[in-house]
1. Would you calculate, for the chain, the mean residue ellipticity at 222 nm contributed by helices, counting each DSSP H stretch of 4 or more residues as -39,500 (n - 2.57) and dividing by all residues, to the nearest 500?
2. Compute the separation of the alpha-carbon centres of the stretch 161-216 and the stretch 243-291 and state it in Å as a whole number.
3. At q = 0.15, 0.17, 0.18 Å⁻¹, what base-10 log of I(q)/I(0) does the Debye formula yield for the stretch 1-85 when every alpha carbon is treated as an equal point scatterer in vacuo?
4. Report, by chain and number, residues whose modeled amide H sits under 5 Å from the one on Ser127, excluding near sequence neighbours (fewer than 5 apart, same chain).
5. Take every Cα-Cα pair in the chain and report what % of them are more than 25 Å apart.
6. Report, in listed order, any pair from Lys148/Lys184; Lys117/Lys197; Lys184/Lys253; Lys246/Lys288 with a Cα-Cα distance greater than 31 Å.
7. So, counting K/R as plus one and D/E as minus one, what does the shell of residues with Cβ under 13 Å around Gln90 add up to?
8. If I fit a long axis through the Cα atoms of helix 133-145 and take the longest principal axis of the Cα atoms of the chain, what angle between them do I get, 0 to 90°, rounded to 10?
Amino acid sequence: MTIVVPFPPAGPPDLLARSIGEHLSKKWGKPVLVENKPGANGVVATQFVAAAKPDGYTILVGSVATHAMNRALRPDLPFDTLKAFEPVTQLGFTPMLITAHPKTGLKTITDLVAKAKAEPGSITYASVGQGSAAHLAAELFQAAAGIKLVHVPYDGIAQASLDLISGQVDLGFSNVVNMLPYVKDGKSTALAVTDTKRDAVLPDTPTLAESFPGIDVRLWWGIFAPAGTPKPIIDKLSAEINVALKDQALIDKWANSATVIVGSTPSDFKAMVNADAEKWGTVIKNAKITQ
């Protein structure tokens, strides 16, 4: 079996895939390979797995970007992510963190909204690119709050983080793990996490939903198989992977990185993917975002 990862090694999707691969290999007594195929915002890997034989031997670690966002951002995709794959199980998710440079004086989301309304177009925010999860999260927030921020896209997280902590931009939308060290040393102020529950690593930071009920942004990952894979195979994969995800050591390890390990049935995961595809499709359409 091969687990294909659309991202470079060492990131959360890759490390989760390797944990799952190790479990399955021990369980079945057969090698499970993890193959990284980064490129084109996940399209290289997703296209490869979509075209694979639907026998359960080639599966994919997909994400909110590859399956819910790309579908609307990339009308030129050679496949429909909702039809080309069979959802197997959700692996986990991490919320995003909205932070501000201390010079802004912003301490809360209420402060941010008030200033944005009083001084339209005066507040800048960094993301890792046009159409990125951070960009879309910011658009969802702006629509809910009735404000307009100035988007400053970057090519990668390193420069975006550097400019945020140096004050070149006012706000950042990023994953919790990336910004946590800067929040702890006072170089950035945490305004809100984009989950419906407060994060254990930042218990005093409110959720965005506390100010705007119903809003949540989760950067999730899950296992997908090619469309047409027989249901007994999907069910077997889901059951075995969920056993691995119930390991308390794995859960605790990822909790320290602000990542929630989930595990789900194929039907529940499919419903979540479809709902997220609809949500982000609406955000992308309303904001007229293209890549």
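The values are calculated or read from the model by the stated rules, or taken from the named source; none is laboratory data. Not measured: the values here are computed from a predicted model. FYI the Cβ positions are ideal-geometry reconstructions off the backbone, even for glycines, and counts take in every protein chain you see. Just the protein is used for accessible areas: all its heavy atoms, side chains included, with ligands, DNA and RNA removed. Shrake-Rupley method; radii C 1.70, N 1.55, O 1.52, S 1.80 Å.
1. Values: 11 runs with 120 residues, N = 291.
Value at 222 nm, helices only: -12500 deg cm²/dmol.
2. 19
3. -0.53, -0.67, -0.74
4. When sequence neighbours closer than 5 places are left aside, the close amide H contacts are Val152, Tyr154.
5. Working: 19735 of 42195 pairs.
Every Cα pair in the chain considered, those over 25 Å come to 47 percent.
6. Working: Lys148/Lys184 28 Å; Lys117/Lys197 27 Å; Lys184/Lys253 20 Å; Lys246/Lys288 41 Å.
Where the Cα-Cα span goes over 31 Å, the pairs concerned are Lys246/Lys288.
7. Values: positive: Arg218, Lys270; negative: Asp268, Asp276.
Every neighbour counted, the sum reads 0.
8. 50
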